[in-house]
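Note sheet for the following structure.
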Ligand code: SAM
């Protein structure tokens, strides 16, 4: 059966995002356009637009659409921004961001996931996404500073390298807390000062690496 994906996306945007208070028109438009079903296992096709996270292999997940949208809104993306994403996973969050900012730099520590995402970026012609395999807990110094940094895995505390790689006025969105549950933090850099607010409670897979939970 061929599914009506545009209709599934429109329903997802209306019921899961807009009705829950996410109203940024550019962000909602990106969710209407990006084919989420391409970022999930074909065996889970029927669930691609469901209101939940889904497994993507290697013990990792593609986050629930609402959480991706909430984090995207918290990042307050602007057209000229250069954004760093830590935790490429399926590539879905990077694809959403690619429609909203100038360039997305994304790092994934699990090589086969990074390779799958890279192939998808090519197929979908997302030429402003640059990816690599590595430990994103220490950021990606070559392209710093970034107007936005988004971490899609849970950290024990805010990685100092990511704070250092944030541009003045830039925003860092990062889940931080215990391994079992975290708070979604939004940090804005003002010169050498960092303003911090808590957005919501959340549960993410752990951020591993040097400034994460260490390497398992
Ligand atoms: N943003 C992803 C998406 O749209 O599908 C969801 C990412 S998943 C919740 C978290 C990802 O972070 C996993 O793929 C995991 O391998 C990755 N990760 C964990 N620690 C990392 C690190 N230090 N550097 C890079 N990636 C890391």
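The values are calculated or read from the model by the stated rules, or taken from the named source; none is laboratory data. Owing to the predicted nature of the structure, the values given are computational and were not obtained by experimental measurement. We place every Cβ from the backbone using ideal geometry, glycine too, and count neighbours over all the protein chains shown.
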Inset, instruction - Go through 180, 176, 155 for me and flag whichever is over 15 Å from residue 101 (Cβ atoms) and out of contact with any strand residue (DSSP E or B) (no Cβ under 8 Å at 6 or more places or on another chain). - result: 180
Legend entry - Whichever residue in the stretch 166-180 is over 17 Å from the mean Cα position of the chain (by Cα) and away from the ligand (no atom under 14 Å from the Cβ) and, among such residues, is surrounded by the most Cβ atoms within 10 Å (Cβ to Cβ): 177
Inset, instruction - Scan the stretch 197-216 residue by residue and report those that are in contact (Cβ under 8 Å) with a residue 24 or more places away in the chain, over 14 Å from residue 87 (Cβ atoms) and assigned to a strand (DSSP E or B). - result: 199, 200
Legend entry - Criterion (under 28 Å from residue 18 (Cβ atoms), in contact (Cβ under 8 Å) with a residue 24 or more places away in the chain, in contact with a strand residue (DSSP E or B) (Cβ under 6 Å, 6 or more places away or on another chain) and in a helix (DSSP H, G or I)) met by exactly one of 95, 69, 74: 74
Legend entry - Any chance residue 216 is out of contact with any helix residue (DSSP H, G or I) (no Cβ under 9 Å at 6 or more places or on another chain), within 14 Å of the ligand (Cβ to nearest atom) and modelled with pLDDT under 95: yes
Legend entry - Which listed residue is more than 9 Å from the ligand (Cβ to nearest atom), at pLDDT 95 or above and over 25 Å from residue 188 (Cα atoms), from 79, 52, 26: 52
Legend entry - Evaluation of residue 121 against (1) in contact (Cβ under 8 Å) with a residue 60 or more places away in the chain; (2) touching a strand residue (DSSP E or B) at 6+ places or on another chain (Cβ under 9 Å); (3) part of a helix (DSSP H, G or I) (one fails), failing number: (1)
Legend entry - Which listed residue, of 207, 185, is within 12 Å of the ligand (Cβ to nearest atom) and buried (at least 19 other Cβ atoms within 10 Å of the Cβ): 207
Inset, instruction - Identify all residues within the stretch 130-149 that are touching a helix residue (DSSP H, G or I) at 6+ places or on another chain (Cβ under 8 Å) and surrounded by 23 or more Cβ atoms within 10 Å (Cβ to Cβ); write none if there are none. - result: 137, 139, 148, 149
Inset, instruction - From the list 126, 113, 97, pick out the single residue that is more than 12 Å from the ligand (Cβ to nearest atom), surrounded by 16 or more Cβ atoms within 10 Å (Cβ to Cβ) and at pLDDT 95 or above. - result: 126
Legend entry - The listed residue being modelled with pLDDT of 95 or more, under 27 Å from residue 9 (Cβ atoms), surrounded by 19 or more Cβ atoms within 10 Å (Cβ to Cβ) and more than 9 Å from the ligand (Cβ to nearest atom), out of 152, 72, 106, 88: 72
